[in-house]
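*Asks:* The structure follows.
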Amino acid sequence: MQPPLLKRLWQFVREPLDGWMMLFLGLLFVLSMLVLYSASNQSFEKIDNKLVYTLLGLVVMWGAARMRPQSIMNFAPPIYAVGVLLLLAVHFKGVTVNGSTRWLELGITRIQPSEIMKIALPMMVAWFFQRFELSLRWWHYLVAVVLIVIPGWLVLKQPDLGTATLIMGAGFFVLYFAGLSWKVLIGGAVAFAASLPVVWNLMHDYQRKRVLTLIDPMEDPLGAGYHIIQSMIAIGSGGPFGKGWLNGTQTHLDYIPERTTDFIFAVYSEEFGLVGNLILVALYLLIVSRGLMISARAQTLYGRLMGGAITMSFFVYAFVNMGMVAGILPVVGVPLPLVSYGGTATLTLMLGLGMLMSIGNMRR
């Protein structure tokens, strides 16, 4: 006797989804809606928009989770090629906003191709190593570095240092999980440190100013240092237990800039305090731990590399945003994953998590 229709439908919906991951994501979603409602001055418009993008993200995640990792892997070269071509199009025909050329106008909508590369780049590098799994040589790692540097350099030209760092970081995570020697990693770190004077001269003025502001934000308290100073005041004033939901003074007196996007962590810290921060960090660590467990159990090299890159990239997004808001990292345009307001970032992250679940499903 077949089970009732609703039960079969429910099984069809939940079958590709990882139960533990969905539990952690659900709790994170609740926290994000609470803090966004407060950060937006109790605006239901932003809540409605975030809900719509979250539902779209769930559909994208579910669709990706139902696909076989091998099928997803086959899309890596064309998606990577399209992403690079779009980045080139941005360089020649992009839309400039606030001094940065990061968007393409497509008539009915505007897209940011660098968001595509957050997924396309690790997919491509993982596909490359999977293809040469049985005959890996040192020069394969050099080719992989070229695959990483090309889109990274194009994003740097926009200029967008934060996104370029995240994109290239995702690629280098693949290199690490592919077995890149510690000697090479240490040598690369030493070479990078030695090249810092050259890097400093190549940086744009606003990028150098962000680094100097990190060292001494009080040098320009009403200008470049304003973001960091106000966010640090908000975090510190939250104390152990916070001021309470909807009671953040820094937030509701409009001292915190970009409080629904990049600096939403300052709002959260002020209202929920240290205890709330520990809960948020615990949720992120649980998501990362689950992702690493799925990656470690993957049956293919592509699954291990792609799963590890998605998981560690998620961790880096959270770490960079929290570090930026807390004043220990330079200010870059990195949202707090799945908490900040923003549609494109939500869809990209949910797609990555869906691919991670797809990798986990191959064990069943």
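*Asks:* Can you confirm whether the range 162-172 contains a residue that is without any contact (Cβ under 8 Å) to a residue 40 or more places away in the chain, open to solvent by 40 Å² or more (accessible area, probe 1.4 Å) and either in contact with a strand residue (DSSP E or B) (Cβ under 7 Å, 6 or more places away or on another chain) or part of a loop (DSSP other than H, G, I, E, B) (or both)?
*Replies:* no
*Asks:* Of all the residues that make up the range 282-299, how many are free of Cβ contacts under 8 Å to residues at least 24 places away in the same chain and among the small types (G, A, S)?
*Replies:* Result for the range 282-299: 3.
*Asks:* I've got another one for you. When the range 225-255 is examined, which residues are found to be among the β-branched types (V, I, T), surrounded by fewer than 24 Cβ atoms within 10 Å (Cβ to Cβ) and under 25 Å from F29 (Cα atoms)?
*Replies:* I235, T249
*Asks:* Scanning the range 314-343 for residues that are β-branched (V, I, T) and open to solvent by 20 Å² or more (accessible area, probe 1.4 Å), which turns out nearest to A170 (Cα to Cα)?
*Replies:* Among them, the one singled out is V316.
*Asks:* Hey, among the residues in the range 317-364 that are of a type in the set (V, I, T) and in a helix (DSSP H, G or I), which one's farthest from L156 (Cα to Cα)?
*Replies:* I359
*Asks:* Working only within the range 242-251, note down all residues that are within 17 Å of A326 (Cα to Cα) and without any contact (Cβ under 8 Å) to a residue 40 or more places away in the chain.
*Replies:* Result: G242, Q250.
*Asks:* So, one more: Just the residues that are part of a loop (DSSP other than H, G, I, E, B) and farther than 30 Å from Y302 by Cα, please, taken from the range 104-115.
*Replies:* L106, G107, I108, T109
*Asks:* I've got another one for you. Are any residues in the range 270-301 over 20 Å from the mean Cα position of the chain (by Cα) and surrounded by 15 or more Cβ atoms within 10 Å (Cβ to Cβ), and if so, which ones?
*Replies:* E270, E271, F272, G273, G276, A298, T300, L301
*Asks:* Could you list all residues from the range 140-158 that are open to solvent by 50 Å² or more (accessible area, probe 1.4 Å) and either outside any helix (DSSP H, G or I) or among the polar types (S, T, N, Q) (or both)?
*Replies:* Hit for the range 140-158 is K157, nothing else.
*Asks:* Which one of T311, T346 is modelled with pLDDT under 90, in contact with a helix residue (DSSP H, G or I) (Cβ under 6 Å, 6 or more places away or on another chain) and surrounded by 22 or more Cβ atoms within 10 Å (Cβ to Cβ)?
*Replies:* Just a single option satisfies the conditions, and that option is T346.
*Asks:* Specify which of the listed residues (L214, L222) is open to solvent by 80 Å² or more (accessible area, probe 1.4 Å) and either touching an Asp or Glu at 6+ places or on another chain (Cβ under 6 Å) or hydrophobic (A, V, I, L, M, F, W, C) (or both).
*Replies:* Checking each option against the conditions leaves just L222.
*Asks:* Go through the range 280-304 residue by residue and tally those that are in contact with a Lys or Arg (Cβ under 6 Å, 6 or more places away or on another chain) and closer than 15 Å to V174 by Cβ.
*Replies:* Matching residues across the range 280-304 total 2.
The values are calculated or read from the model by the stated rules, or taken from the named source; none is laboratory data. On a predicted model such as this, the values are computed, not experimentally measured, just so you know. Backbone-built Cβ (ideal geometry, glycine too); neighbour counts: all protein chains shown. The accessibility values were calculated without ligands, DNA or RNA, using every heavy atom of the protein model including side chains. Shrake-Rupley method; radii C 1.70, N 1.55, O 1.52, S 1.80 Å.
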